[in-house]
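Notes for the one structure printed next.
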Amino acid sequence: MTTNIAAHPTIPADRDILVCIFQRGAADGLNALAPYSDSDYYSERPVIAVPPPGMAGGGIYVTDDYALHPSLAPLKPIYDAGNLALVHATGVPHQNRSHFSAQNLIERGVVEKTGPNTGWLGRHIAQSTAASNSAFRVISISGNVPVALTGADEPLAIDNLNDFGFDQGILDSGYPQVLTDFFRNAVPFSGPAAAALIAMEELQSADLSTILPENGALYPDTALGRKMRQASQLIKSQLPVEVICVDSDGWDHHENLPTYIDQSLTELADVLSAFNTDMDIGMARITVLVYTEFGRRIGENGSAGTDHGTGSLAYLMGGGVNGGQIISDWPGLDTGINEDLQITTDLRSVMTEMLDKRLGGTDVGTVFPGFGGPTTVNAFLT
């Protein structure tokens, strides 16, 4: 069976399904997409830099200025097909180098601690018309609801969809109905509990165990691979899911960057490639956004790693992406001017354009209060 997202009868034609992957730990964008034409890249990273295309261990040629890390090779065909765009020197300019604080700020879509405590996606979802009353409208495949989704109505957080529910003995006992009747009343946690019970019922009906990867897609047996395989099952199940959030952990590469980033990028590329293959023509109405809390410093440290910095790299994948391009106003890597990769494309511009063009429109002032930057960077098709 070929995936056909248009078969979701409740989701409007102007809305994509959004899959957000957060690279927690501050991913290094300078080795993921190496600016090999910038001589300062090699003078500042004499040990850890990705060699230019054509050299041993060299990057994969993308343009005369940029090369993909060799581990991202599975993404090159998607880029060439026009379904992948890369945004370099990007981020939210919050000027914070603490992982926890920076993640909180970027997921809230703000640059200061003041402002709404809800998340940018939660605010967008709250002000948009729901396509259904399904408990699976918004879900995090995680043990926790991410800050980005706070403010949405009862977002689900399920670490493993296969373990979410009652075993057959409990179902046969009638106990779930007792709980359902109880949580119809205004008791503590009645809202989340009722939503969870409804979700269990919906998930049982969806029978995800029968939904397998298609078109030869092979998801790696890793944490991110298992999460994205579950994301594909949800989408293909015809549950009217609109937003799926997943975390990719382990991007804090303070030491031995070449070894550890190779592992991280291999997992990311294999997962994105498998998902793209699995969803096939369904990618026409799916947008995948990959982003991180901040980037790394330009220069390598004494442990062949990188320390906390500012700008990084974001990935956009989907049929509605204006792909096959690097979106960047390159700031240069002269550490005499700044030790960090400067943010020249505010990630909120990318997110705003995505919400406007691919998710049915949005209210910028509500979603990104105080943001006065451009609302498009030509990253998406109309």
Provide the percentage of antiparallel DSSP beta bridges, counting only those with both residues in the stretch 9-367; round to the nearest 5. 40
Computed over the stretch 9-367, Kirkwood Rh from alpha-carbon pairs, angstrom: 21.2
If you project the alpha carbons of the stretch 286-382 onto the principal axes, what extent comes out on each, in Å, largest first? 48, 30, 20
Using a Cα-Cα cut-off of under 19 Å, which lysines could be cross-linked to K227, ignoring same-chain neighbours fewer than 8 residues away? K236
Expressed as a whole number of Å, what is the distance separating the alpha-carbon centroids of the stretch 117-138 and the stretch 31-82? 38
Taking a cut-off of 14 Å between Cα atoms, list the aspartates and glutamates near K357, but don't count ones fewer than 8 places away on the same chain. D14, D16
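Here, each number is a calculation from the coordinates, and none is a lab measurement. This is a predicted model, so every value here is computed, not measured.
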